[in-house]
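Enquirer: Can you read through this structure? Questions will come right after.
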């Protein structure tokens, strides 16, 4: 079981770094969005096995993260779209991020990674709706990289 959880964190870290790089640079890779969707789906499914944390708020945050990853991967892959689907996904991501913020109290690499992941989820999903322009996206890319590196170090 621990192996599956580690693969889930590895895929999550890869997904977050790839999204951060995509935010910073326009990379001309064919089907890059499809790869990200498959990566998100796989990470979301494997992270479901991580829902055994003794801290209830982390379980809720992880469950919302899994839901965001799975829906964010499945909906585009199956060409499913409904009015407000982007808003629903953003609300799920921001909710997940809010549950990860208290993890700053424990100063392990993994918990710091969750904290920065929470910040990234909140900022990356809320800023476009607030009309924030491009210079802030550099910070989002760096925040994504920091979160992923700390999560991977904390595996």
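Enquirer: Is segment 125-138 home to any residue that is at pLDDT 85 or above and either crowded, with 19+ Cβ neighbours inside 10 Å or assigned to a helix (DSSP H, G or I) (or both)?
Expert: First pass over segment 125-138, keeping only residues at pLDDT 85 or above: 125-126.
Within this subset, residues satisfying the condition of being either crowded, with 19+ Cβ neighbours inside 10 Å or assigned to a helix (DSSP H, G or I) (or both) are 125-126.
Yes, there is a match, as at least one residue in segment 125-138 is at pLDDT 85 or above and either crowded, with 19+ Cβ neighbours inside 10 Å or assigned to a helix (DSSP H, G or I) (or both).
Enquirer: So residue 72 ticks every box in (1) over 19 Å from residue 147 (Cβ atoms); (2) buried (at least 16 other Cβ atoms within 10 Å of the Cβ) but one. Which box is left unticked?
Expert: (1)
Enquirer: Still on this structure, please answer the following. Determine whether segment 87-94 contains at least one residue that is modelled with pLDDT under 90 and surrounded by 14 or more Cβ atoms within 10 Å (Cβ to Cβ).
Expert: No, there is no match, as no residue in segment 87-94 is modelled with pLDDT under 90 and surrounded by 14 or more Cβ atoms within 10 Å (Cβ to Cβ).
Enquirer: For segment 96-110, give me the residue count where each residue is touching a residue at least 24 places away in the same chain (Cβ under 8 Å) and surrounded by fewer than 20 Cβ atoms within 10 Å (Cβ to Cβ).
Expert: Going through segment 96-110 one residue at a time, the tally reaches 5.
Enquirer: Among 7, 70, which is the only one that is in contact with a helix residue (DSSP H, G or I) (Cβ under 6 Å, 6 or more places away or on another chain) and more than 19 Å from residue 96 (Cα to Cα)?
Expert: So the residue among 7, 70 that is in contact with a helix residue (DSSP H, G or I) (Cβ under 6 Å, 6 or more places away or on another chain) and more than 19 Å from residue 96 (Cα to Cα) is 7.
Enquirer: Has segment 51-59 got any residue that is crowded, with 17+ Cβ neighbours inside 10 Å, over 21 Å from residue 140 (Cα atoms), in contact (Cβ under 8 Å) with a residue 40 or more places away in the chain and more than 13 Å from the chain's Cα centre (by Cα)?
Expert: Let us first name the residues in segment 51-59 that are crowded, with 17+ Cβ neighbours inside 10 Å, namely 58.
From the residues that got through so far, the ones that are over 21 Å from residue 140 (Cα atoms) too are 58.
Next cut, in contact (Cβ under 8 Å) with a residue 40 or more places away in the chain only: 58.
From the residues that got through so far, the ones that are more than 13 Å from the chain's Cα centre (by Cα) too are 58.
Yes.
The values are calculated or read from the model by the stated rules, or taken from the named source; none is laboratory data. In this text, all values refer to a predicted model and were calculated from it rather than measured experimentally. Positions of Cβ are generated from backbone atoms using ideal geometry, with glycine treated the same way; all protein chains shown enter the neighbour counts.
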